[in-house]
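The values are calculated or read from the model by the stated rules, or taken from the named source; none is laboratory data. Just so you know, these numbers come straight off a predicted model, no measurement behind them. In this analysis, Cβ positions are derived from the backbone assuming ideal geometry, glycine residues included, and neighbour counts consider all displayed protein chains.
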Amino acid sequence: MRNLVVAGVFAIVALVMLGSSGYLYYQYYGQPRCEACGMIITPEMAENYYIIDTDTNQRLYSCCSGCMLRLAAAHPDMHLEAMDSWYGTAAPKTIIEIRNGQLQSVSVDTARIMLGSKLTNSCTSNRFAINATSAQLLQENGYNPSNPLSPFKSTLPANTPLVNVSAALTTLKARGISYVPPSMAFLIGAAVAGIAVLAIGVMAWKKLSVPPVPKT
Ligand SMILES: [Zn+2]
């Protein structure tokens, strides 16, 4: 009976370790997250901000127009395609090229980053506006109910700052990356430790279960 309890405790500890490392792996590596702030990327966000690191050809993800530029702290060479937050696919995307961490070009002069996060400290207050009309509509309504790709269906704070891409890049790059996922080595370590606990448990249980050898 005591042997069963000991084996059970080992099994539970091992399962908890294996289960939590698997869960954490899925949470942090199984789905894309905003590299700058850690927010889980919805399909809408992925459509709104298409970002490529041109050094590695790696697709990058950002949750909002602010985090998009914060990525320049880790990726000095990027090709960005930002969708207008009001018009969605009805307006052309704005193409932004960043080289050596500096703004090289913006395809639309009137494009503005709406940095509501400056007032609310939340990425959900940021938008991307291709021109003054879009910015005004977003300021008044928060989002366009007819745009199925609206990334955040929320209102904006009054007097949301409108910043051109060049000025926004300077301040947001300085803010940089704040998200630190749990390291892969830690997750693998936890899984290996779980398997080790299970193996020790099985061995201990076998030893305890062997009937005592009668003395001759
Ligand atoms: Zn973000």
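Just one residue in the set 124, 133 is of a type in the set (Val, Ile, Thr), assigned by TED's automatic domain parsing to the domain that holds residue 102 and within 16 Å of the ligand (Cβ to nearest atom); that residue is 124. Screening 68, 17, 45 for residues that are out of contact with any Lys or Arg (no Cβ under 9 Å at 6 or more places or on another chain) and more than 22 Å from residue 124 (Cα to Cα) leaves exactly one candidate, 17.
Quick check on the range 52-64: of everything there that is in contact with an Asp or Glu (Cβ under 8 Å, 6 or more places away or on another chain) and within 12 Å of the ligand (Cβ to nearest atom), which residue is farthest from residue 121 (Cα to Cα)? Ranking the candidates gives 60 first. The set of residues in the range 40-51 that are within 11 Å of the ligand (Cβ to nearest atom) and either assigned to a loop (DSSP other than H, G, I, E, B) or more than 24 Å from residue 91 (Cα to Cα) (or both) comprises 40, 41.
Every condition in (1) among the aromatic types (Phe, Trp, Tyr); (2) without any contact (Cβ under 8 Å) to a residue 24 or more places away in the chain; (3) buried (at least 16 other Cβ atoms within 10 Å of the Cβ) holds for residue 152 except the one numbered (2).
Between 101, 176, the distinction of being surrounded by fewer than 17 Cβ atoms within 10 Å (Cβ to Cβ), out of contact with any Leu (no Cβ under 8 Å at 6 or more places or on another chain), modelled with pLDDT under 95 and closer than 21 Å to residue 61 by Cα belongs to 176 only.
Scanning the range 170-185 for residues that are part of a loop (DSSP other than H, G, I, E, B) and within 14 Å of the ligand (Cβ to nearest atom) yields 176, 177, 178, 179, 180, 181. Put simply, of 37, 67 the only residue that is outside any helix (DSSP H, G or I), touching a residue at least 24 places away in the same chain (Cβ under 8 Å) and within 16 Å of the ligand (Cβ to nearest atom) is 37. If you go through the range 54-63 and keep only what is surrounded by fewer than 18 Cβ atoms within 10 Å (Cβ to Cβ) and touching a residue at least 12 places away in the same chain (Cβ under 8 Å), you end up with 54, 55.
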